[in-house]
Amino acid sequence: MSEEIIDIAIIGGGPGGLSAGIYASRGGKDTTLFELGVPGGQIVDSSEIENYPGYLEVMSGYDLMKDWPAQAKKFGMKTQMSEVKSITKNGDYFDLELSSNQSAKAKTVILATGSTPKRCGVDGEDVFFGKGVSTCATCDGFFYKGKEVAVLGGGDTALEEAVFLSNICSKVHLIHRRDEFRAAPITINQAKSKDNINFILDSKVNSINGNDKDGVTSLSIENIKNGDKSTLEVPVVFVFVGRNVLNKPIQTNDNKFICDTNDSGEVVVDLSMKTSLDGLWAIGDVRVDAPKQVVCAAGDGAAAAIDAINFINSKG
Ligand code: FAD
Ligand code: NAP
């Protein structure tokens, strides 16, 4: 029996991939979305989203995303719960190497793998990951109800999640290496208006301390400007120091990429999200100059799917 050839293979089931799936399947193409975990993407970890157009109420990331897979399925998109390990182009087709020694073949591929939280690189971070070091306040915040907790970082995620935690925990110590934030002004104001958020600025964490029995017990902190050292006793630190793009599927064995990327490994695309390799598109957080917003990832998905449909039709 000959192997099925998928018209449009989508790698990643976040807002980008699911939006591409809705457009590709509704556009009449045989579409399969590959997702290594549960579809929804990184926004599912977010406690609150209030800037997705069309919704007046603040909602959780989970609530925003919960119906997107069903909408795509309604138009015929198939979902396969597999990690795509590598993509190679052989002649006119792409070969996808999947987890569990499986494979797939496709005419076109839309890469929508997004990004993953960065580690801060501090001593103790790896030892206590999952035992008092967390990158998800929605998932782990409740375990620290009524307790003092620490948040590391000064971007949108750190400040938003500090506000979320301030409603559960008795006190949130927000540690940032500068005295200015990257977050949006509205988010900074929300965090500053909270009595139980304590800002520890111009400071770095030198080590995350603890033991086997209790997990994290304290953080060793140093003020970068005056060198003052202190110990903060907390059972958890939420690390929100940015994200790395997930571009492993397009890496080759000699650490190169099958298409053009920039120095950070973000995929270079044009306005249709087309990459330098014919038949391959990249969308959402994994592409260059991504605004890193749900609405933008979704828009990218639509643009790429429309272009991929035209590409397949043009081949006859
Ligand atoms: P992702 O959402 O990262 O989805 C990628 C998917 O691909 C994942 O499901 C992943 O499991 C899968 N995947 C990765 N590699 C593979 C592989 N090899 N094989 C198969 N599957 C794979 N944006 C806003 O607009 N408003 C907000 O309020 C907001 N708040 C945020 C709060 C937090 C805590 C975070 C972390 C982000 C927030 N963002 C927000 C940003 C937003 O979530 C992202 O910009 C958006 O999710 C990017 O979508 P994406 O589809 O490109 O990638
Ligand atoms: P980010 O914007 O890259 O911010 C990372 C923060 O961590 C910065 O403040 C940075 O400090 C700090 N940092 C980096 N490395 C560090 C280290 N090793 N030790 C200590 N601190 C470190 O990341 P993000 O907040 O996760 O946001 C990612 C993207 O998603 C952004 O584009 C953001 O706008 C978007 N996002 C949007 C929303 C929203 O629209 N509501 C919500 C969440 C995220 P410096 O500032 O000194 O560099």
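The numbers here are math on the coordinates, done by the rules we state, and not lab data. In this text the structure is predicted, and so the values were computed from the model without any measurement. Reconstructed Cβ throughout: ideal geometry from the backbone, glycine too, with neighbour counts over all protein chains shown.
Just for region 1-110, what percent of DSSP beta bridges are antiparallel, to the closest 5?
Looking only at bridges with both residues in region 1-110, the antiparallel portion is about 50 percent.
Less than 26 Å apart at the alpha-carbon level, and either on another chain or at least 8 residues along: which lysines does that give for Lys74?
Of all the lysines, those that pass the test against Lys74 - Cα under 26 Å, at least 8 places apart if same chain - are Lys29, Lys66, Lys105, Lys107.
Tell me the angle of helix 294-314 to the major Cα principal axis of the chain, expressed in degrees between 0 and 90 and rounded to the nearest ten.
Here the helix axis deviates by roughly 10 degrees.
Of all the C-alpha pairs in region 179-316, what % are more than 22 Å from each other?
Of all Cα-Cα distances in region 179-316, 61 percent exceed 22 Å.
Fewest Cβ neighbours within 10 Å first, please rank Ser276, Ser218 accordingly. Don't skip to the end; give the middle numbers.
On the way: Ser276 14, Ser218 19.
Fewest-to-most Cβ neighbours within 10 Å comes out as Ser276, Ser218.
I need the phi-derived Karplus couplings for region 140-157: 6.51 cos²θ - 1.76 cosθ + 1.60, θ = phi - 60°, integer Hz, Gly and Pro marked x.
Here the 3J(HN,Hα) series is 10, x, 5, 5, 10, 3, x, 9, 7, 10, 10, 10, 10, x, x, x, 4, 5 Hz.
So which cysteines of the chain have no other cysteine's Cβ under 4.7 Å from theirs?
Cys120, Cys169, Cys259, Cys296
So if we plug the beta-carbon distance of Asn244 and Lys204 into 1/(1 + (r/R0)^6) with R0 = 22 Å, what FRET efficiency do we get, rounded to 0.05?
0.65
Determine by what factor the alpha-carbon radius of gyration of the chain differs from 2.2 N^0.38 Å, reporting the quotient. Intermediate results must be reported in sequence, preceding the final value.
On the way: Rg = 21.5 Å, N = 316, 2.2 N^0.38 = 19.6 Å.
Against the compact-globule rule of thumb, the ratio is 1.09.
Enumerate the amide H contacts of Thr79 below 5 Å, restricted to partners 5 or more residues apart or on another chain; note that Pro and chain-start residues carry no placed amide H.
Close amide H contacts, sequence-distant or interchain: Leu33.
Please rank Trp281, Trp68, fewest neighbouring Cβ atoms within 10 Å first, as an exposure proxy.
Trp68, Trp281
Report the residue, chosen from Ala112, Ala184, Ala162, that carries the largest GNM mean-square fluctuation when the chain is represented by alpha-carbon nodes joined by springs under 10 Å.
Ala184
Can you sort Arg178, Arg243, Arg119, Arg287 from fewest to most other Cβ atoms within 10 Å of each residue's own Cβ?
Ascending Cβ contact count within 10 Å gives the list Arg178, Arg119, Arg243, Arg287.
What residues have an amide H closer than 5 Å to that of Glu148, excluding those fewer than 5 places away on the same chain, when H is modeled at 1.01 Å from N in the peptide plane?
Ser170, Lys171
Read phi for every residue in region 245-259 and hand back ³J(HN,Hα) as whole Hz from Karplus 6.51 cos²θ - 1.76 cosθ + 1.60, θ = phi - 60°, with x for Gly and Pro.
6, 9, 10, 4, x, 9, 7, 9, 4, 9, 6, 9, 10, 6, 9
Any chance you could check the Cα centroid distance between region 242-316 and region 37-116 for me, in angstrom?
The distance from the Cα centre of region 242-316 to that of region 37-116 comes to 13 Å.
Report, by chain and number, residues whose modeled amide H sits under 5 Å from the one on Leu246, excluding near sequence neighbours (fewer than 5 apart, same chain).
The list, which skips near neighbours in sequence, is Gly114, Ser115, Thr116.
Under the Karplus relation 6.51 cos²θ - 1.76 cosθ + 1.60, θ = phi - 60°, what is the ordered set of whole-Hz ³J(HN,Hα) values for region 22-39, x standing for Gly and Pro?
So the J values, rounded to whole Hz, are 5, 5, 5, 6, 5, x, x, 9, 6, 10, 10, 9, 9, 9, 6, x, 9, x.
Per the Debye formula with a single identical scatterer at each Cα and no solvent contribution, what log10 I(q)/I(0) holds for region 1-155 at q = 0.13, 0.15, 0.17, 0.21 Å⁻¹?
Per q value, in the given order, log10 I(q)/I(0) is -0.74, -0.90, -1.03, -1.28.
Just to be sure I follow the rule: in region 119-239, considering lysines 8 or more places apart or on different chains, how many pairs have Cα atoms under 21 Å apart?
The number of close lysine pairs in region 119-239 is 20.
Pull out a ≥ b ≥ c, the square roots of the eigenvalues of the alpha-carbon gyration tensor of region 165-246, then state rounded if a/c is under 1.5, prolate if not and a/b is larger than b/c, and oblate in the remaining case. Don't skip to the end; give the middle numbers.
On the way: a/c = 1.42, a/b = 1.30, b/c = 1.10.
Since a/c stays below 1.5, the shape of region 165-246 is classed as rounded.
Quick check on region 41-84: take the gyration tensor over C-alpha atoms, sort the square-rooted eigenvalues as a ≥ b ≥ c, and tell me if it's rounded (a/c under 1.5), prolate or oblate.
Verdict is oblate for region 41-84.
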